[in-house]
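Input: a single structure, listed below in structure tokens.
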Amino acid sequence: MKGLAYAKYKYAVLSQRFRIVCRSFRRPLELLGILRTVPFGTVGFAYARRWRAEPGRQSNIAAGSMAAPAEPNPLWDYFDSHRTGKIICKWQHYFEIYHRHFAQFRGREVRILEIGIAAGGSLEMWRHYFGKKCTVVGMDIDTRCKAYEKDGFRIYIGDQTDRAFWQRFKELESQFDVIIDDGGHRAEQQIVTLEELLPHLCPGGVYLCEDVHHAHQGFTTYVGGLINHHNLTDVIRGEDLTARPSAFQQDIAAIHWYSMVVVLQKTTEPTPLFRSLYRGTESIPEN
């Protein structure tokens, strides 16, 4: 009976998700378009699996060594010299990604939110990196993390899948320049958090979701949907070729995809129109 009960539960969950997907599209052709692209995702995954390193290309870094980034990176320097105190746990390749997207905010009056703060070491790392003018806010489901408020951080305790919690949170906190999701790492947690907090990101702000693990994970498929919409082209034909951006395209400048990390950047100003421009006078010569 346990096996039958579990099968019924999985069927109910899948049925509910299918209904949500169907309701998300205004026209059946949109859903048909999604289904039509599924084989391409399978082909792309298979191509990546077949990939082989270039002949003769070998790393000069010994296995297990801790190589510093090629360019100066104060985040890495802080982490690598952090031998005592509160624990920080990060994948090594994250530090280049962090610095690439966060360096623009250093030394400014910025507001930082980190979801999933655990031992609290990363809160101190962000404060050191961004400087004395920054405000660092932390959120975790573990009530013990409330203790970090004594160190000058504002801490909220809640479940990141709870949309009501995020509504209360946004009533208490103004918009953020940087949001880092290092929370529970499950797809439903990452999706709810992004949907609730991406609108709460300042113009020009950066939203980073880390620890996006495993192939065929729900959040990667979700982000693929965001990318598909980001490529939407509503062409207006006239003297110049133009395209009318959607509200999402107006506000989201870029979606960056790294190994285990997704980064979204907001535009500083809404994009009014996409324009295809021409320069020069000579066309393709006749044979």
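Consider region 166-178. How many of its residues are hydrophobic (A, V, I, L, M, F, W, C) and part of a helix (DSSP H, G or I)?
Step one: list which residues in region 166-178 are hydrophobic (A, V, I, L, M, F, W, C), which gives 166, 169, 172, 176, 178.
Among the residues that remain, those that are also part of a helix (DSSP H, G or I) are: 166, 169, 172.
Number satisfying all stated conditions: 3.
For residue 280, the conditions (1) surrounded by fewer than 16 Cβ atoms within 10 Å (Cβ to Cβ); (2) of a type outside the set (Val, Ile, Thr); (3) on the phi < 0 side of the Ramachandran plot are fulfilled apart from (3). Inside region 151-162, residues that are modelled with pLDDT under 95 and either in a helix (DSSP H, G or I) or aliphatic (A, V, I, L, M) (or both) make up a count of 1. For region 236-251: of the residues being surrounded by 12 or more Cβ atoms within 10 Å (Cβ to Cβ) and in a helix (DSSP H, G or I), which is farthest from the chain's Cα centre (by Cα)? By that ranking, first place goes to 250. Residue check: residue 263 meets all listed conditions (1) surrounded by 11 or more Cβ atoms within 10 Å (Cβ to Cβ); (2) closer than 15 Å to residue 228 by Cα but one, namely (2). Could you go through region 166-178 and let me know if any residue there is surrounded by 16 or more Cβ atoms within 10 Å (Cβ to Cβ) and aliphatic (A, V, I, L, M). Within region 166-178, one or more residues are surrounded by 16 or more Cβ atoms within 10 Å (Cβ to Cβ) and aliphatic (A, V, I, L, M).
Residue count for region 126-145, restricted to those that are outside any strand (DSSP E or B), surrounded by 14 or more Cβ atoms within 10 Å (Cβ to Cβ) and out of contact with any Lys or Arg (no Cβ under 9 Å at 6 or more places or on another chain): 5.
So that you can scan it fast, the table gives a plain yes or no per residue for (1) surrounded by fewer than 19 Cβ atoms within 10 Å (Cβ to Cβ); (2) not in a strand (DSSP E or B); (3) not aliphatic (A, V, I, L, M):
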| position | (1), (2), (3) |
| --- | --- |
| 180 | no, no, no |
| 194 | no, yes, no |
| 215 | yes, yes, no |
| 222 | yes, yes, yes |
| 227 | yes, yes, no |
| 253 | yes, no, no |
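Of the residues in region 229-240, none is at pLDDT 90 or above and touching a Lys or Arg at 6+ places or on another chain (Cβ under 9 Å).
Those helices (runs of 4 or more DSSP H) of region 1-117 in which at least 1 residues are modelled with pLDDT of 70 or more, of a type in the set (Val, Ile, Thr) and under 26 Å from residue 133 (Cα atoms), considering only elements entirely within it, cover 94-102.
The values are calculated or read from the model by the stated rules, or taken from the named source; none is laboratory data. Note that the coordinates shown come from a computational prediction; the quantities given were computed from them, not determined experimentally. Positions of Cβ are generated from backbone atoms using ideal geometry, with glycine treated the same way; all protein chains shown enter the neighbour counts.
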